[in-house]
Amino acid sequence: LIIAYYKSGFTDLSLFKLDNLYLYGGLFDILSLGLSYIVPVDHYELRHLLCALIGIGGIGAAAATARLIAGPRAAFFTIVALALCGSWYGAMYNHTKGIPLAAFMAGAMYFLVRASRDLPTPRMRDVIGFGLMTGAALGTRSLSLLLVGYLGLTILINLPRPVIGHWQERVRFAFRSMLWFLPALVIAYLIMIATWPWAALSPLNPVRGLLSFGEFHYHIRTILFGQVYEMADVPRAYVPTYIAIRLPLLTLGGMLLTLALLALPVRAGGFRGRRRREIGIVAFTAFFPVACQVVVEGPAFDGCRHFLFVFPAIAILAGIGLSTSIGALARLHRNVVIVWLAIVATCFTWTAGKLYHLHPYEYLYYNQLVGGLEGASRRFVTDYWVNSMPEAVEELHDFLDRTEPATAQTKPYRVAVCGERVSYEEYARPNLQWI
């Protein structure tokens, strides 16, 4: 529909009448459609493959940021933490809005951290990189307007130390920094309006799009600790709880260690100088959006599906925490760090085994705080993508063949299905009619 809008000379307005999808950017859809003319693969499968590749790019962006801040070891643990996060790995093959948004935002943060080291005159390649990634994120979902705020915060915390009677220097620093980032904002805006036509209709539409997501009140039910809620009535702790129980415990522990060191003063062993500022920015990007959702009691459903964009930042914090713990223990005694490395390797191997066991439903991973998937069943959301449709239909076939063998394949049955009609009819026998 976006392509039709442009081909018609902006006269085909069907794009703005398709449910509420005009509130989303179409960058991913445009890319996948363009590739479908080049790559001889089924378009549906191509979309899944492209989403997975972008998800791998998001892992790379998170690792690059961790390496920039804390070195190669932190980057390695960031890769492991994010790759072994079921919510991320499983969503890479499903979530063609959430994964691209998260990956592009992770890329933008990498360039922002790089550029912050050269303020007030950052290198132009970092400015352009930030603009391209921000534009790609805005071309996916308006939530990435947060990146503009992150830019402002980065400039703010890098202001030179105040000197009595010389506040003008700080103003010049901030003004010059913003001036250097103007090309990035122009690039981002052009990409956004090219891939999100509704945003081009009015300068304030991107902001309206962002605010509209806080007013979604569909009759969608969700579940938390066994209690069913309408999406507009979920408790404040809904999203934080789901993030906490969907992360591997070692990732959760590494993140908490980094936050503890960030809170400690330098004299007590906390992070110093530039590293402290950069980790602070990463921590802010991980928790500020979640805090906003908690404060305004925004609608939420499907667990943490709409907050995947904070997972790369969480993985960075976990990678830095694990790397720091190894460095600290190595200074105590060699045997101590060997034992700790064995524990870390065992925990991550155990998580990998769980994901292998869940394949191809890795996104159903729950940690041991709730007893894994078995403990989460009927108490928390599970297969919200209904990926298990083939198995569900096959079990229905087997049940009918066993209980009513004479009519199992001929008698018309009416089947109530919680899932997409297309995926159901792909596998069901013709006599099993959808209702």
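The values are calculated or read from the model by the stated rules, or taken from the named source; none is laboratory data. Remember, predicted model here, so these are calculated numbers, not experimental data. Ideal geometry is used to build each Cβ from the backbone, glycine not excepted, and the neighbour counts take in all protein chains shown. For the accessible areas, the whole protein counts, side chains as well, though only heavy atoms, and no ligand, DNA or RNA atoms are used. Shrake-Rupley method; radii C 1.70, N 1.55, O 1.52, S 1.80 Å.
Quick rundown of the values:
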quantity	calculated
Relative contact order of the chain, pairs being alpha-carbon contacts under 8 Å that are 6 or more residues apart, as %	19
Whole-Å distance, taken between Cα centres, linking region 323-388 and region 57-73	20
Over the chain: helical MRE at 222 nm, DSSP H runs n ≥ 4 each giving -39500 (n - 2.57), nearest 500	-20000 deg cm²/dmol
11 Å beta-carbon shell around VAL127, net charge (K/R +1, D/E -1)	+1
Surrounding net charge for TYR361, when Lys and Arg each add one and Asp and Glu each subtract one, Cβ distance under 12 Å	-2
Length gained when the stretch ASP12-ARG267 is fully extended (0.36 nm per residue, less Cα-Cα span)	85.4 nm
Exposure rank, largest accessible area first [TRP434, TRP350, TRP88; 1.4 Å]	TRP350, TRP434, TRP88
Between helix 43-70 and the chain: long-axis angle, C-alpha atoms, 0 to 90°, nearest 10	20
Which of ASP19, ASP398 is most accessible, then next, and so on - probe 1.4 Å	ASP19, ASP398
Label-point separation, GLU425 to GLN227 (7 Å along Cα→Cβ), nm	4.0
Normalised contact order of region 388-434, rounded percent, pairs of Cα under 8 Å and 6 or more residues apart	45
Listed values [x] 135, 48, 41; [y] 90, 66, 44; [z] 84, 75, 41, entry calculated as Cα extents along the principal axes in Å	[y]
Added length on full extension, which subtracts the Cα-Cα distance from 0.36 nm per residue, VAL339 to ILE38	103.2 nm
Net dipole in debye of region 388-434 [+1 Lys, Arg Cβ; -1 Asp, Glu Cβ; about Cα centre; nearest 20]	280
Sum of side-chain charges, GLY139 neighbourhood, beta-carbon under 13 Å (Lys, Arg +1; Asp, Glu -1)	+1
Distance in nm between pseudo-label sites at LEU182 and VAL386 (7 Å out along the Cβ direction from Cα)	5.2
Accessible area per residue, Å², region 388-434 with all protein chains present, probe 1.4 Å	71
Computed accessible area, ARG170, all protein chains, 1.4 angstrom probe, square angstrom	80
Region 1-153 - percent relative contact order, Cα under 8 Å, separation 6 or more	24
Computed lengthening from ALA328 to HIS359, 0.36 nm per intervening residue step minus Cα-Cα distance	7.5 nm
GNM flexibility winner over the chain from ALA286, ALA342, ALA66 (Cα, springs under 10 Å)	ALA342
